[in-house]
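Single-structure report; data block below.
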Amino acid sequence: MIGRLSFWNKDNTSSEVDCLGCRLVSGFGLIGIGVFLLAQAKRRSKPLENYTMKGLAAAVGALGVARLGNAGFLKPAAKEKPEEGTMPTKTIPKDHGFFSRR
């Protein structure tokens, strides 16, 4: 059932669209996780645990700032363009069995 739903959702979403709302939610979410990890690091009494948690908090917070700043290393790689004079082929997906009548 979940496999069918994930296949259906894959067809209806575009991985190329990176809207401002998506960047804000994920960026501030990562910054929030970083702040939470930093607060938990202060509770650790052993130095190794403390520094490990602070390192994780810094890494997650940096990813959140990079996400808000729309950093280039977080974007997918560019697709190769077809050669000039050739028509790109478009595959027509078959209907999935999830929507068929039984």
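The values are calculated or read from the model by the stated rules, or taken from the named source; none is laboratory data. Keep in mind that this is a model prediction, so the values were computed, not measured. All Cβ positions, even for glycine, are placed from backbone atoms using ideal geometry, and neighbour counts span all protein chains on display.
Every condition in (1) at pLDDT 90 or above; (2) of a type in the set (A, V, I, L, M); (3) surrounded by 10 or more Cβ atoms within 10 Å (Cβ to Cβ) holds for LEU48 except the one numbered (3).
Any residue that is surrounded by fewer than 12 Cβ atoms within 10 Å (Cβ to Cβ), of a type outside the set (Phe, Trp, Tyr) and either modelled with pLDDT under 90 or in contact with a Cys (Cβ under 8 Å, 6 or more places away or on another chain) (or both) - is there at least one of those in the stretch 23-39? Looking through the stretch 23-39, none of the residues is surrounded by fewer than 12 Cβ atoms within 10 Å (Cβ to Cβ), of a type outside the set (Phe, Trp, Tyr) and either modelled with pLDDT under 90 or in contact with a Cys (Cβ under 8 Å, 6 or more places away or on another chain) (or both).
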